[in-house]
Amino acid sequence: MALLEVSHITKSYGNNIVLDDVTFNISKGKIVGLLGPNGSGKTTLIKLINDLLKEDSGTIKVEGLDLGVETKKLISYLPDKNYLNNNMTVLELLNYFKDFYEDFRIDKAKELIGKLNLDLNQKLKTMSKGTKEKVQLILVMSRKAKLYILDEPIGGIDPAARDYIINTILTNFSNDASLLISTHLISDLEKVLDEVIFLKNGKVVRNGSTDEIRKETNMSINDLFREEFKC
Amino acid sequence: MLSKLLKYDFKNLYKTLLPIYLITLVITILTVILNNLSDTSNLFSTLNGLMVLSYVIILMVLLVGTFFLSIRDFYLDFASERGYLINTLPVKKSWIITSKFITSVVTMISSLVVMFISILILVIGNGEWSVFANGIANIFRDIPGDAVVMLILMTVLMIAAYISGLAVCYLSIALGQLKNTNKLGFSFLAYIILYIIYEMYFTFALTFVGIINPDFVRSLDNEIGVIPSVNLLFGILIGLVIIITAIITPITNYILKNKLNLE
């Protein structure tokens, strides 16, 4: 059984079809890149998987379960925006996650926060945008989830911070978990991706193992992306 | 999980409310001091006037602000970026909504308590405690048994009406968030429409009561023995408020559970 099953998902906003019959599965222990240019429907798809939006048709299952309280226990989600309460301190946020997520490893989170030399009593509103993003990532990656879903975790940040984020992601999730990561900065992530899903105008135009796609097309994923989505 | 939601909802609201409570009490004490000094000079008299005005304003801020904060908190959790956190927690939507109702009612009660304490300080500070206490004692000494029931029913009605008012606001937000743009504007529009329906519901229901029992309406006009009829009216109103709230709240829960639209 696949960890995540997305089956014939369609989503429109008025007359604008954002996702059109999207179908794919993600197995356990895979790092999957959800790749596509801005406006291709990546964030909408991720929100649907996280039950923040409702599909017009189709089904989404996580470990065979319909979306709901039980699937939220399995998914650790990093949105593409600052979503935490700015009036909370880092410590309050750690306790918040500990209270609501049984799989949250607070010691792990404190260790990662310590490496950033951040004060646990510092409020989020006093931090720079980049530091807030790192704190959010630490909270998400400190859970021992089955499926991590990261929406543009390296978009709009400097290369040094990008390395920190990629390293934090790769060193903090277990082998039996899967990772769905949306991005259009493929060169930074290509070497770690097991599979890719290319999304174009709301449709899946390519889905498969990165090795097989490279062999089949004789191109790197980055080059293929540029070819596929050239303006 | 409900207790955890309550913990964070209370923390969140009291972070703003506690400073307002503190300011209320400080303004109360300053009002008392300046009131006692107002006869000594024109300056103190003028300051006292300003302080009394500030006092009235802070009491309004206290009550309106408490209600506004509760509604704002609900809006932020279901129609803003903050919703990404609360709506991905492994908790039922009904618990989140229940937590909002409980924290909203409790914070309003605590604000009313602060207002009562503030008025007591004002009365005691102005040396009118004995007049005030005697007045209250007289009311309760002479009060008939029916009137005690009436006071209890009135209190229950006020709490039920507050919860019902919140339910209308929450449903308005739930409907407003369905739109992809200008969620706040559509929430206001939904509120206006729901409020009209809400008022029509009470008008029709009470008219219906009047039609099936004209004697009851006439008994409300009698000066003698009116209290039992008023108590019955309060009982009917409480029933009507409970019915409409019991209809509205599951709709809110259904929309937020099945039609959440966090754009």
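The values are calculated or read from the model by the stated rules, or taken from the named source; none is laboratory data. Keep in mind the model is a prediction, meaning the values are calculated, not measured. Glycine gets a Cβ as well: all are built from the backbone with ideal geometry, and neighbour counts include every protein chain shown.
Looking at A:Ile149, is it among the hydrophobic types (A, V, I, L, M, F, W, C), in contact (Cβ under 8 Å) with a residue 60 or more places away in the chain, buried (at least 21 other Cβ atoms within 10 Å of the Cβ) and not in a helix (DSSP H, G or I)? Considered against the rule, which asks whether it is among the hydrophobic types (A, V, I, L, M, F, W, C), in contact (Cβ under 8 Å) with a residue 60 or more places away in the chain, buried (at least 21 other Cβ atoms within 10 Å of the Cβ) and not in a helix (DSSP H, G or I), A:Ile149 comes out as yes. The sole residue among B:Lys11, B:Lys15, B:Lys4 that is touching an Asp or Glu at 6+ places or on another chain (Cβ under 6 Å) and either in a helix (DSSP H, G or I) or touching a residue at least 24 places away in the same chain (Cβ under 8 Å) (or both) is B:Lys4.
With respect to the stated conditions, B:Thr207 fails to be of a type in the set (Ser, Thr, Tyr) and under 24 Å from B:Ile152 (Cα atoms). Considering every residue within segment A:201-215, establish whether at least one is at negative phi, in contact with a Lys or Arg (Cβ under 8 Å, 6 or more places away or on another chain) and at pLDDT 85 or above. Checked against the condition, which is being at negative phi, in contact with a Lys or Arg (Cβ under 8 Å, 6 or more places away or on another chain) and at pLDDT 85 or above, segment A:201-215 yields at least one hit. For segment B:104-144, filtered to residues that are over 25 Å from the mean Cα position of the chain (by Cα) and of a type in the set (Gly, Ala, Ser), the residue that is nearest to B:Asn12 (Cα to Cα) is B:Gly125. Selection of segment A:117-136 for residues being free of Cβ contacts under 8 Å to residues at least 24 places away in the same chain and surrounded by fewer than 14 Cβ atoms within 10 Å (Cβ to Cβ) yields A:Asn117, A:Thr126, A:Ser128.
Among the residues of segment A:172-183, the one identified as free of Cβ contacts under 8 Å to residues at least 40 places away in the same chain and either within 17 Å of A:Lys200 (Cβ to Cβ) or crowded, with 16+ Cβ neighbours inside 10 Å (or both) is A:Phe173.
Report every pair of residues separated by at least 6 positions or lying on different chains whose Cβ atoms are under 7 Å apart, first residue within segment A:184-211 and in contact (Cβ under 8 Å) with a residue 24 or more places away in the chain and acidic (Asp, Glu), second surrounded by 15 or more Cβ atoms within 10 Å (Cβ to Cβ) and part of a helix (DSSP H, G or I). Close Cβ pairs satisfying both conditions: A:Asp188/A:Arg162; A:Asp188/A:Ile166; A:Glu190/A:Ile221; A:Glu190/A:Asn222; A:Asp194/A:Thr210; A:Glu195/A:Thr210. Filtered by the rule that a residue be in a helix (DSSP H, G or I) and either polar (S, T, N, Q) or not assigned by TED's automatic domain parsing to the domain that holds B:Asn12 (or both), segment B:40-76 gives B:Asn42, B:Ser45, B:Thr46, B:Asn48, B:Ser54, B:Thr66, B:Ser70. In segment B:11-32, the residue that is nearest to the other protein chains (Cβ to nearest Cβ) out of those that are of a type outside the set (S, T, N, Q) and more than 13 Å from B:Ser111 (Cα to Cα) is B:Lys15. Counting only helices (runs of 4 or more DSSP H) wholly contained in segment A:51-142, the ones carrying 3 or more residues that are within 11 Å of chain B (Cβ to nearest Cβ) occupy A:69-74, A:90-100, A:129-141. The condition (being surrounded by 14 or more Cβ atoms within 10 Å (Cβ to Cβ), in a helix (DSSP H, G or I) and within 14 Å of chain A (Cβ to nearest Cβ)) is satisfied by just one residue among B:Ile238, B:Ile251, B:Ile255: B:Ile255. Taking segment B:70-93 as the range and being more than 11 Å from chain A (Cβ to nearest Cβ) and surrounded by fewer than 21 Cβ atoms within 10 Å (Cβ to Cβ) as the test, the residues that pass are B:Ile71, B:Arg72. Residue under question is A:Leu35, and the condition is that it be at pLDDT 95 or above, crowded, with 23+ Cβ neighbours inside 10 Å and either closer than 24 Å to A:Lys73 by Cα or more than 14 Å from chain B (Cβ to nearest Cβ) (or both); does it hold? For A:Leu35, the condition - at pLDDT 95 or above, crowded, with 23+ Cβ neighbours inside 10 Å and either closer than 24 Å to A:Lys73 by Cα or more than 14 Å from chain B (Cβ to nearest Cβ) (or both) - is not met. Figure legend. Inter-residue proximity from segment A:79-107: first residues in contact (Cβ under 8 Å) with a residue 24 or more places away in the chain, second residues part of a loop (DSSP other than H, G, I, E, B) and among the hydroxyl-bearing types (Ser, Thr, Tyr), beta-carbon distance below 8 Å, spacing 6+ or different chains. Indicated pairs: A:Phe97/A:Ser142; A:Phe104/A:Ser142; A:Arg105/A:Ser142; A:Ile106/A:Ser142. Residues considered: B:Tyr170, B:Tyr162, B:Tyr201. Of these, the only one that is surrounded by 11 or more Cβ atoms within 10 Å (Cβ to Cβ), under 20 Å from the mean Cα position of the chain (by Cα), farther than 30 Å from B:Leu120 by Cβ and among the aromatic types (Phe, Trp, Tyr) is B:Tyr170.
Apart from one condition, A:Gly29 fits all of (1) in contact with an Asp or Glu (Cβ under 9 Å, 6 or more places away or on another chain); (2) among the small types (Gly, Ala, Ser); (3) in a strand (DSSP E or B); the exception is (3).
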